[in-house]
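Everything below concerns the one structure shown next.
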Amino acid sequence: MKRVKKWIIEAGVIILALIISIPLYLVAINAFKTHEQIVNKPLAFPNFEAGFSNIVNAFDKMDVIKAYGVTFSIGAIALLIAVGLGALAAYAVARIKHKFFGSMYWVYTSAILIPIQSALIPVVFLLQDLHLQNTILGISFMYAAMLSPFCIFMYTGFMRALPYELEESAYLDGSSTTRTFFQIIFPLVLPVTASLIIVQFISIWNDLLLPLVVLNSADHPTVSISLYKFFGGRGLTDLSLLFGGIALTLLPIMAIFIAFQRYFVKGLSAGAVKG
């Protein structure tokens, strides 16, 4: 009976993985087809008549190098702020026994429920007043504000599970609170940090709304804005260019995920044990 149950679970996981892989399969095969082939036979294997021309043309039209640079810069600044400040805030909430910090936890986590769309107009006016509109720093601050509540939520759960004896021993040795955090507590939550960086960077990489509203695509083209240019009106989209652009958009994300996959899995398994 246990073996049958195991087979059913494995079959379900395989079927789910195949379903999730369908979009990736479509990108992989259609990136090497002409527009007509994509329209007529979207699921068929390519005959490589188009070769790598779709990817090469998309590379030129998207200005990929600049788009990569802008998007990576935004992601790096936003994650540095969100992860750094989020870890510090979570440390105060999780390790300092005071009613104020306990109530602040609910303030932080409630911000997760606030959609950015509801605050978009006042935030744009605020950026204009601060002269941060159409700047990489301005949109990075917006992403950092959006990501920080979730980072605090994740870090708090992990830090609460750490034994207090670690800090007590450090304090007895003359360590300060700041030194204890950076040398003892933060290294223990590095798997969580890796998981947060991967997941949150992917969300920044794929986001279209904020770059479209906050940035001028000519000055600071992100990957999503550059790809959005291929969508034409009234069905005039060149699908060969579109799929070539999607392939270029996916490659860095897949490379990053594969490179840091073991840290991501380690963070998830750590959460399963500590939860």
Residue count, segment 136-166 (criterion: open to solvent by 10 Å² or more (accessible area, probe 1.4 Å), of a type outside the set (A, V, I, L, M, F, W, C) and more than 18 Å from the chain's Cα centre (by Cα)): 5
field: Residues (assigned to a loop (DSSP other than H, G, I, E, B) and either touching a residue at least 40 places away in the same chain (Cβ under 8 Å) or of a type in the set (Asp, Glu) (or both)) located in segment 163-222
entry: Tyr164, Asp173, Val189, Asp207, Leu215, Asn216, Asp219, His220, Pro221, Thr222
- request: Identify, from the list Thr222, Thr178, the residue that is open to solvent by less than 40 Å² (accessible area, probe 1.4 Å) and either over 22 Å from Ala76 (Cβ atoms) or modelled with pLDDT of 85 or more (or both).
  value: Thr222
task: With the checklist (1) at pLDDT 85 or above; (2) over 26 Å from Ala82 (Cα atoms) in hand, flag the one item Lys229 doesn't pass.
output: (1)
- prompt: Of the residues that make up segment 7-30, is at least one open to solvent by 20 Å² or more (accessible area, probe 1.4 Å) and within 30 Å of Gly138 (Cβ to Cβ)?
  reply: no
task: Among the residues of segment 198-231, write down those that are over 16 Å from the mean Cα position of the chain (by Cα), small (Gly, Ala, Ser) and within 14 Å of Ala58 (Cα to Cα).
output: Ser226
task: Could you tell me whether segment 192-215 includes any residue that is more than 30 Å from Ile258 (Cβ to Cβ) and not aromatic (Phe, Trp, Tyr)?
output: yes
- prompt: Counting just the residues of segment 246-272 that are among the small types (Gly, Ala, Ser), under 28 Å from Ile29 (Cβ atoms) and open to solvent by 40 Å² or more (accessible area, probe 1.4 Å), which one comes out modelled with the highest pLDDT?
  reply: Ala255
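The values are calculated or read from the model by the stated rules, or taken from the named source; none is laboratory data. Predicted model only: the values in this text are computed from it and were never measured. Quick reminder, even Gly has a Cβ in these numbers, built from the backbone with ideal geometry, and neighbours come from all protein chains shown. The protein model used for the area step is the full one, side chains on, heavy atoms only, and it has no ligands, DNA or RNA in it. Shrake-Rupley method; radii C 1.70, N 1.55, O 1.52, S 1.80 Å.
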